[in-house]
Amino acid sequence: MALSVSASASFQQTTLDNGLRVILREVRERPLVGAWMWYRVGGRNELPGTTGVSHWVEHMLFKGGKRFGKGEITKEVSRRGGALNAFTWIDCTAYFLTLPSSEIDLALAIESDRIYDTRIEPEEAESERTVVISEREGSENYPEFWLREEVQAVAWREHPYRLGVIGPKSNLRAMTREDLYAHYKRYYMTNNASLVIVGDFDTQHLLDKIHAEFDSHPAGTPPAPLEIEEQPQTGERRVTVHRPGPTHYVMLAYHAPEASHADAAALVVLSSILGGASSPIAWGGARGLGRSSRLYRAMIDGEIATSVSASYELTLDPYLFGIDATLRQGVDPARAEAALLREVERIQREGVPHEELARTRRQLHAQVVYSLEGVTNQGFALGFMDLVARDAATWETFPEALQNVTADDVQRVAQTYLVERQRTTGWFVPDNGEAA
């Protein structure tokens with residue numbers, strides 16, 4: 001069968017007849033491969049009542065199928081000196097394996113088995129219920145989790161992004177094995193997945209192996225597209241969370257555009273100026289200390305907060321530009337909120353000096369370079385940008401775009417998006433049961 005392979009300067013991609021997208025990048029420096037399987041399903045594809053189902057299904061896909069029994073996936077990868085993991089996010093669920101290149105057949109076999117032949121046994125599903133609830137309870141130990149969950153729920157009226165990923169306990173307690181299996185069958189199919197492999201291999205030889213492993217899988221019924229469009233916010237929304245905790249927290253969340261939007265690069269630079277440079281295509285984190293950032297100097301050096309950050313996530317649909325601060329003991333949240341807003345307004349009013357912008361771009365470049373070390377990190381960047389920006393080539397063009405952002409761009413996006421009518425403000429107020 002003839003292949004339809006489009007070439008890039010750094011990778012090759014093709015789509016099998018059954019719809020599986022395949023993206024391959026040869027890196028022959030070391031005898032290693034990083035293999036990622038991306039499924040276009042996450043929190044954005046869930047409904048109230050089954051929120052958290054994608055994350056639970058992710059857990060179940062380590063339980064084995066027809067070719068690999070319970071525990072065998074981890075055992076086989078480990079005994080070959082490899083590593084594996086997975087994550088569920090609002091836009092996707094992804095699995096990765098890092099292995100010696102001589103073991104690439106194992107990676108293909110695992111992902112081929114996983115995509116159609118995971119059984120999701122009733123007793124295993126019930127056992128995993130305790131695990132996912134415990135994971136939820138672990139997150140509940142952090143005040144930031146409660147505040148972020150409330151801010152997300154208030155920031156959106158319609159879009160499923162308001163529901164998050166892990167799900168409330170009521171959903172986790174009520175969902176059945178049938179709910180999990182139906183979700184698996186609805187979204188786990190070749191035509192809703194992308195296989196990304198980076199490392200030491202010959203592309204044509206590997207494509208032959210991929211065809212042999214995956215061509216027998218039929219395409220499924222395509223999942224219905226998400227056609228929910230959030231209506232513009234018309235005024236500030238506020239939420240206050242009262243729970244036990246060590247101190248106050250303040251969070252500002254502004255509606256911001258998606259990864260494929262022309263303003264995405266400028267928003268990354270803006271978040272870096274405010275909170276410190278961080279690679280937007282990093283797997284496993286590549287955040288700098290941000291000691292030269294605007295918010296660090298104002299909030300930490302100013303003895304208002306013990307930590308502060310700014311973030312702009314690259315997402316399929318419009319998401320949030322976030323700013324949050326953990327306050328010092330005794331600092332009133334109104335004072336902290338005003339200090340955060342002053343820094344935003346200063347950029348809107350005065351812009352950013354050339355030397356500060358140049359320094360931020362250098363820091364971003366260093367963070368991106370660091371985040372792309374190794375075949376696994378490069379596989380993440382290729383697959384992630386292919387998914388959220390709908391074009392794998394943006395794993396290279398987006399970092400280049402960051403270096404072309406101007407001071408006018410930064411000021412413009414601050415004036416356009418970080419405005420009161422698009423803001424949701426959250427306070428966490430510790431309530432430790434002490435008498436007034």
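Residues checked against (1) touching a residue at least 60 places away in the same chain (Cβ under 8 Å); (2) touching a helix residue (DSSP H, G or I) at 6+ places or on another chain (Cβ under 6 Å); (3) more than 22 Å from Ala262 (Cα to Cα):
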site	(1), (2), (3)
Gly351	yes, yes, no
Asn404	yes, no, no
Ala407	no, yes, no
Val413	yes, yes, no
Criterion (aliphatic (A, V, I, L, M), within 28 Å of Gly81 (Cβ to Cβ) and at pLDDT 95 or above) met by exactly one of Leu172, Leu108, Leu180: Leu108
Restricting the range 191-228 to residues that are among the acidic types (Asp, Glu) and out of contact with any Asp or Glu (no Cβ under 9 Å at 6 or more places or on another chain), the residue that is nearest to Leu84 (Cα to Cα): Asp208
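Report, by residue number, each residue of the range 154-172 that is without any contact (Cβ under 8 Å) to a residue 60 or more places away in the chain and either touching a helix residue (DSSP H, G or I) at 6+ places or on another chain (Cβ under 7 Å) or within 26 Å of Tyr417 (Cβ to Cβ) (or both). Outline the logic, then answer.
To start, the set of residues in the range 154-172 that are without any contact (Cβ under 8 Å) to a residue 60 or more places away in the chain comprises 162, 169-170.
Within the range 154-172, Arg162, Lys169 qualify.
Which of the strands (runs of 3 or more DSSP E) found entirely inside the range 22-120 contain at least 2 residues meeting this: within 17 Å of Ser194 (Cα to Cα) and basic (Lys, Arg)? Walk me through it before giving the result.
Values: elements: 32-39, 83-88, 93-100.
Strands (runs of 3 or more DSSP E) meeting the threshold: none at all.
From the list Leu274, Leu295, Leu206, Leu270, pick out the single residue that is assigned to a helix (DSSP H, G or I) and in contact with a Gly (Cβ under 7 Å, 6 or more places away or on another chain). Show your work before the answer.
Values: Leu274 fails: in contact with a Gly (Cβ under 7 Å, 6 or more places away or on another chain); Leu206 fails: in contact with a Gly (Cβ under 7 Å, 6 or more places away or on another chain); Leu270 fails: in contact with a Gly (Cβ under 7 Å, 6 or more places away or on another chain).
Unique residue meeting the criteria: Leu295.
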Residue within the range 319-339 that is under 17 Å from the mean Cα position of the chain (by Cα), in the same structural domain as His248 (by TED's automatic domain parsing) and surrounded by fewer than 19 Cβ atoms within 10 Å (Cβ to Cβ) present: no
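Every residue, every condition in (1) assigned to a loop (DSSP other than H, G, I, E, B); (2) crowded, with 20+ Cβ neighbours inside 10 Å, yes or no:
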| position | (1), (2) |
| --- | --- |
| Thr360 | no, yes |
| Ala366 | no, no |
| Glu373 | yes, no |
| Gly383 | no, yes |
| Asp391 | yes, no |
| Pro399 | no, yes |
| Leu402 | no, yes |
| Gln411 | no, no |
| Thr425 | no, yes |
Subset of the range 116-157 that is closer than 28 Å to Arg79 by Cβ and under 21 Å from the mean Cα position of the chain (by Cα) - its residue that is surrounded by the fewest Cβ atoms within 10 Å (Cβ to Cβ): Glu135
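The values are calculated or read from the model by the stated rules, or taken from the named source; none is laboratory data. Here the structure is a predicted model, which is why all the values come from computation and not from measurement. Every residue, glycine as well, gets a Cβ built from its backbone with ideal geometry; the counts of neighbours run over all protein chains shown.
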